[in-house]
Each structure stands twice: as structure tokens, then as C-alpha cells.
Amino acid sequence: MRFWFVLQQLALIIIIIASTTDALNNNETDHVSLLAMKSKILDPFGGGVLSSWNESSHFCNWEGVFCGKRHKRVTLIALSSLGLSGTLSPHVGNLTFLRRLWLDNNTFHGEIPNEIGGLYRLKVLVLRRNSFQGRIPASLSRCSNLMHLIIGYNNLVGTIPEEFSSLSMLKTIAVHHNNLTGGIPKCLGNITSLETLSTASNLFGGTIPNNLGKLKNLVFLGLGGNQISGMIPSSLYNLSNLNDLYLSFNDLHGSLPPYFGNMFPHLESLQLEFNNFTGQLPNSIGNLTKVGSLTFSKNEFSGKLTVDFSKLVNLVNFTIQDNNFLGKTFLINFNLSFNDFNFNLSFNDFNGELPLHGSFANSTAVSVYGNDKLCGGIPSLQLPRCPVKKLNRNFFFSSKRIYAIVGASILGILILISSLGFYLGKRKRESTTLELFPKESFVQVSYGELLNATDGFSSSNLIGAGSFGFVYRGVLDQFEDVAIKVFNLLNPGATRSFVAECKALKNIRHRNLVKIVTCCSSIDFQGNEFKALVYKLMMNGNLEKWLHPSQEFNRSEFNLFQRLRVAIDVASALDYLHYQCEPTVIHCDLKPSNILLDQQMVAHVGDFGLARLFHPEMGISHHSSSMGLMGTIGYAAPEYGLGSEMSISGDVYSYGILLLEMLTGKRPTDLMFVDGLNLRNFAGKVLKGNAVEIVMDPVILKSDIVIGQRDNCLIAMVKIGLACSKELPQNRMSMTDVSRELQLIKDVMFK
């Protein structure tokens, strides 16, 4: 028996030694593969970016390299936007634990190596904005866990491999702006997990495959900028989850069916310009209540525009130039009260008198060239004057002349009374404004000064848009660079928002709150009421642009330390509003777009248009906004949806969600949050495993501290975010505690 026991112990020792040797060999494989990759990369900074890729430290500590805790194998390579060039070494295929590869926004060239198909754990491949050539490797079909393939803006040729139909977990195919040819592969219709399909700006021909209608999870379909012909297949109207449909710059034809607008309840952008579509726009377009952009330019649409636009409250872009629309009915039915951003009716056959209000009051927002039968409008549109109707000469001699004279007299009296009321109302409004912003505290500015400061509220100076108005960059002599928030007073809540913001900001001062310069409450040159607030301009825009940058916004970096500083700034501002103001200020709409960053990246909380004032003896002030449900979906506290009063706990909840968004890079409304998954329980995974797994933005991971400290910092901040966003208001942290805890993290982690 003793012999067998000794034999078992020897076998166990051999297994342990073999496992250790295997792990060391595997680690050495990663080490050698990374060095082979480095040998093919040209570093413009003379080795500065990849200078850490040497023998002096373990490869898990190299710049842009991240490893799993258990096996110390490479799981993530993040080398985005570093100006790197060269080629991608085939040795990348030996990094078999690799889950995410980010090389975007560099100048890599050559072919994507076939060996990349050996990365069977790979989930995310991002190679966009490089100069890769050759074909998309069919070997990628062996990456059975692949979820996101993002290789747009390269020089790739060929087509999308048919083998991709086996990638059952694929959510994103983004191959736009390449030189791909052939037809849109039918195999794509078999990848039912797809949420984003972007093949735009290639050389694809043929027709739209009918089986794309099976992609029920699709939220973005971008086929524009190709050579696709034929009609839109009826199966596409099954894609009820679409947010964006981009079919522009093709050779599509046919008409839109009457039910078109009823099939896409979530559509936010519809782009059909530069095709050969015909017929009328269906009235159901008016049911696209979430749409922000409708572009139908350069087609053959015709007939009267009878769509009821009154429900399209999010519309900021409507372009129908170069079609055959006619009539003037749309001038009556079109509700222009909601936005005045981009409205292009040029080169159609519209007729009648152009209104003076809404979008038509801004010559930089509206274009009506090439409609020779239009008249009137504001002078800057340079349309002919409308003909004056001639009065019937027999009027004064008719049997009803006495009634007309009496009617005219009554009308004159009513006009006199209205004028007096307007004058008194104007005096009252001016008095209210002076009460909100006393002359001795704020320099008064006129409508004309603000008009000149923004080049006539030009769209080139537009830097933001919200529910109640638009924000323009401007230059005022006495203040230099400013941000001017112009309220859209045709929106019923805009005036209340203006008053709420004035009341909230007139007596508060804090380094992390926006600085209000002055306000303007007057009338414009057409006699319409005008209200605006003027702030100090924040040179680095809002936090939304840094967390979710567009292609036009090139951020240098926004790492974990910078995000921690912003989190501290916002917490400090809320602590001041909640506990150091008299009366207490409840913000009610805390979200990234309302956090502004100055030139030193110091955060300032802004947009107090929904703010409430709280007096302990009186409760919530009724002089503040009364807009119903406060806040924005995803950030508003859950108790608000049940009718609870606004409270500082609601602000704390919004802050918690904001903090988790800053750490994960995911919005609370992201489409990945379905079937019970939300931002809170997604971020909560950090408490059970690898902190890096919740980070969807590799820029977050760039910092000067060691990986262990970085992960501890992430975990500590996530805990605060979770504590702030608890379901029950009484269980949430106070902003005083949040501010203190975050400052402690900064002092300990970033000495």
C-alpha cells in the first residue's frame, strides 16, 4: 500500500511540474508574440509609445497590454490613436487568450493576417481608420466568440466572406468606407444576432437581399454610398427595432408604402437622398415620433406634402430639395414650433406665402431657393412680395356696410386693448427679469448684441440643442467668448425653464457650477418675445462628447485619473447645492450633456432649466420648473416614475448612474441592456472578477499607476456608483460622503 501511495504522490508532483511548465511556456509564447508584433510596428515617437515593450518588466505591464489575473495571459491589446504604422504580424494568432484587439485610428497597412482566425476567444476586433489592404480573411469565421467586427475606413477589397454565417454571436459588422465589391452577401441574413450592419461607402451592387428582414435585432442598417439598385424589399419593414436606416447615394427606386411610418416605431434617422424614389411621401411619416433627421433630397418624389409633422417633436433636420413637391398645404399643416435647425425645401414647386415664424424666421436654417411661386417671408430670404388682394369697390355701397363699419370699430377697440395688455405685460416681464437679475449685478445685453455676437444665430456657431432651445458660441466685447442659450418660446415649457434657471443661478457661486454672465429678455426684430441666458464658454465642451466621441471629435485622452477628477468636481457641486445653499437646489436633470469642461478639464454642472428650490419650512418651490416627470430616461430616479416629489436623493441616483457610465463607457440606455441586464448589474460584475471586463472604452485604462492600483481604483469607484444608485432613496449615500470618499481614493491611488 505504501508503494502505491508513494507512486500517487510522484504522479501528482509530475502533473504539477508539467502544468507549471506549460503555463510558463504559454506565457513565453505571449511574450515572444508581442515582441514579434513590435518588430513590425513603426513608432513615430522613436519608441516612446512602445518603449515599455522590453525585457525590463513583465509583458502584462507593457503599454496597451492587459492580462487576466489567473493565468497572466494577454486578454486585451489597446493601441488606439497612437500614430503607429507598419503591419500586423501573423504572430498575433498565437495570443490565444486574446479577447479584444484595438488598433484603430493609426496607419497600419498590409493585409490582415489569416492567422488571426486562431483567436477563438476573440470578442472584439477594431481595426478601423487604418490603411489595411487585401481581403477580409475568411479565417475570422473560426473566431466563434466574435461579437464586434469593426474594420471600416481601410482599403480592403473583395467581399464579406460567406463563412461569416457561422458566427452566431456576431452583433456588429462595420466594413464601411472600403473598396468591397459584389453584392450584399445573403449570408448576412442568417446572422440573427446582428444589431449593427454597416456596409456604406463601398462598391457593392445588386439588390438588397430579401432575407435581411430576418435580422429582428437590427438597430442600425447602413447600405448607403454603394451601387445598389431595385426596390426596398418588403421584408425590411419587419425590422421594427431600427434606430437608423441609411440607404442614400444608391440607385434605388419605387415608392414608399402607405404604412412606412408605422413599421419603425424607434426610428431616429431616415436617409434616402440621392436615389430615384417616386410618388408621394406617405402620411404615416408623421408617426415617426422619435425621428430627428429625415432626408429625401435628390429623388423624384412628387405631389403635395400632406404629412402631419406636429408629433415629430425631435426633428432637427428635414431636407427635401431637388424633388417635384408642389402646393402650399404643407405651409399650413407643418408645425414649425419645435425646432429650427436645418430645413431645406429648395428646387421644388411650392407656392404661396412663406410664414415669418419658426424655422422660416432663421435664414441660416431654412433654404427655399428654386421655388419661383413662393412669396413673402423674412427679407433675408429675398422672395418677392406677395400680391395684395384688391378690395371690392362696391363694399361701402352694399346693404351690409353698416355692419362692416361697426365690426371694424369693434376690431379697432380690441386691438387697442390688446396693445395695452401687451405693453403692460412687457413691463411686467421686464420687471420680473430685473428681479431675477438686478442691473447692479449683471450687465444688460440686447437682442441685437446677441444676434451680432453669433453671426445671426448661424448654424456654424451652434454648439448644442436641448428640449427648450439652442446654445450658440458667441463673442461679446465685454465678456469675450460666451455660450448663449436661446430659448424656443414656442415650446410651452421654455419660459418656465428660463425662470427656473434664473432663480437657481442668480445667488449661487461655486467653482464647479457654470458661471452665468447675464440674461436677455426682450423682443426680436419681428416683434416676437425673446429670452436668452449668457454663460462663460467652456472650451472643452460637455462630458457627453468625451465619454462617447463622434468621428468628428478627436479626444486626446480621457483616462481614469481624469474621470476621477471630473467625478470629484461634480460631487462637490452637488454637495454645495444640497447642503450649503439657502434655499436648497435640486438639479433634477444630471447627465453627461449637462456637465461642461473648461480648458483645464475642470467640470462645471450646468442646465438648471428643470431645477427645483427647496425651503425646509415651505417644501419644494412652485416658482421653479413644473414640467411633470423630471430628468432624462436612464438617469431619472425610479421613484419619480411613481409620482414621488423631487428630492436631493433623486440627484444622488442620477450621479450614481453618471459615475457608472464614466467607468464603463456605456450609457444606461445602451441596447445591450435587455432581459434584466442594466448598467448597475453590469458594472456590479467588477466586484466578482476582473475589473477590466466591465471597461468598454480602452482609453479608461491608460494611466500612470500600476495595474493593481488601477483595478482597485475602478472597484472603489464602482462601489460608490452602486451605493448612489440604490433602488430605495433612503439607502443612497449623501453627496458629502461621496465627495469625501472620492477625494480619499484620489489621495491614496494617485499620490
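Out of all the residues in region 238-260, which are more than 19 Å from G205 (Cβ to Cβ) and more than 19 Å from the chain's Cα centre (by Cα)?
If the condition is that a residue be more than 19 Å from G205 (Cβ to Cβ) and more than 19 Å from the chain's Cα centre (by Cα), then N238, L239, S240, S255, L256, P257, P258, Y259, F260 are the ones that fit.
Out of S240, S235, report the one residue that is under 21 Å from S198 (Cα atoms) and part of a helix (DSSP H, G or I).
Testing whether each residue is under 21 Å from S198 (Cα atoms) and part of a helix (DSSP H, G or I) leaves just S235.
Taking into account only those residues within region 359-376 that are polar (S, T, N, Q) and either modelled with pLDDT of 80 or more or in contact with a helix residue (DSSP H, G or I) (Cβ under 7 Å, 6 or more places away or on another chain) (or both), which is nearest to S255 (Cα to Cα)?
The selected residue is N371.
So, in region 618-642, exactly how many residues are over 20 Å from L577 (Cα atoms), exposed (fewer than 14 other Cβ atoms within 10 Å of the Cβ) and at pLDDT below 75?
Residues that pass the stated criteria total 2.
For region 496-596, give me every one of the strands (runs of 3 or more DSSP E) that falls completely inside it and has 3 or more residues that are among the hydroxyl-bearing types (S, T, Y) and under 26 Å from Q478 (Cβ atoms). If you could, list the steps in order and put the result at the bottom.
Working: elements: 516-523, 529-536, 584-586.
Fully inside region 496-596 and qualifying: 516-523.
Results for (1) of a type in the set (V, I, T); (2) closer than 22 Å to G230 by Cβ; (3) under 25 Å from the mean Cα position of the chain (by Cα), shown as yes or no for each residue.
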| position | (1), (2), (3) |
| --- | --- |
| S144 | no, no, no |
| I151 | yes, no, yes |
| T159 | yes, yes, no |
| S166 | no, no, no |
| H176 | no, yes, yes |
| L188 | no, yes, no |
| L203 | no, yes, no |
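With L336, L356 as the choices, which residue is part of a loop (DSSP other than H, G, I, E, B), at pLDDT 70 or above, under 25 Å from D308 (Cβ atoms) and not hydroxyl-bearing (S, T, Y)? Break it down into steps so the answer makes sense when it comes.
Working: L336 fails: at pLDDT 70 or above.
Testing whether each residue is part of a loop (DSSP other than H, G, I, E, B), at pLDDT 70 or above, under 25 Å from D308 (Cβ atoms) and not hydroxyl-bearing (S, T, Y) leaves just L356.
Considering only residues that are of a type in the set (V, I, T), in a loop (DSSP other than H, G, I, E, B) and under 20 Å from the mean Cα position of the chain (by Cα), which ones fall in region 261-307?
Correct list: T289, V291.
Might you let me know whether region 41-49 holds any residue that is more than 29 Å from I191 (Cβ to Cβ) and among the β-branched types (V, I, T)? Let's see the steps before the verdict.
Kept after step one, since they are more than 29 Å from I191 (Cβ to Cβ), are these residues of region 41-49: 41-49.
Filter once more, so that each one left must be among the β-branched types (V, I, T): 41, 49.
Yes: region 41-49 contains one or more residues that are more than 29 Å from I191 (Cβ to Cβ) and among the β-branched types (V, I, T).
Which ones in region 262-285 are crowded, with 18+ Cβ neighbours inside 10 Å and in contact with a Lys or Arg (Cβ under 6 Å, 6 or more places away or on another chain)?
Correct list: E273, F274.
Has region 185-203 got at least one residue that is over 19 Å from F277 (Cβ atoms), touching a residue at least 60 places away in the same chain (Cβ under 8 Å), in contact with a Ser or Thr (Cβ under 9 Å, 6 or more places away or on another chain) and outside the structural domain of L671 (by TED's automatic domain parsing)?
Yes; the residues of region 185-203 include at least one that is over 19 Å from F277 (Cβ atoms), touching a residue at least 60 places away in the same chain (Cβ under 8 Å), in contact with a Ser or Thr (Cβ under 9 Å, 6 or more places away or on another chain) and outside the structural domain of L671 (by TED's automatic domain parsing).
Residue-by-condition table, conditions (1) touching a Phe, Trp or Tyr at 6+ places or on another chain (Cβ under 9 Å); (2) modelled with pLDDT under 90; (3) farther than 30 Å from L79 by Cβ:
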| site | (1), (2), (3) |
| --- | --- |
| F530 | yes, yes, yes |
| H548 | no, yes, no |
| E552 | no, yes, no |
| R555 | yes, yes, no |
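Kindly list, by first and then second residue, each pair from a residue in region 135-158 that is of a type in the set (D, E, K, R) to a residue that is surrounded by fewer than 19 Cβ atoms within 10 Å (Cβ to Cβ) and part of a loop (DSSP other than H, G, I, E, B), limited to pairs with Cβ atoms under 9 Å and residues at least 6 apart or on different chains.
R135/G158; R135/P161; R142/Y120
Filter region 56-87 for residues that are assigned to a loop (DSSP other than H, G, I, E, B), of a type outside the set (D, E, K, R) and farther than 13 Å from V126 by Cα and give the result.
S56, S57, H58, W62, G64, G68, H71, L82, G83, L84, T87
Here is a list of conditions, (1) within 27 Å of S346 (Cβ to Cβ); (2) in a loop (DSSP other than H, G, I, E, B), and L218 meets all of them except one; can you say which number that is?
Exception for L218: condition (1).
Any chance you could count how many residues in region 65-117 are farther than 19 Å from L50 by Cα and among the acidic types (D, E)?
Of the residues in that region, 2 qualify.
The values are calculated or read from the model by the stated rules, or taken from the named source; none is laboratory data. This is a predicted model, so every value here is computed, not measured. Every residue, glycine as well, gets a Cβ built from its backbone with ideal geometry; the counts of neighbours run over all protein chains shown.
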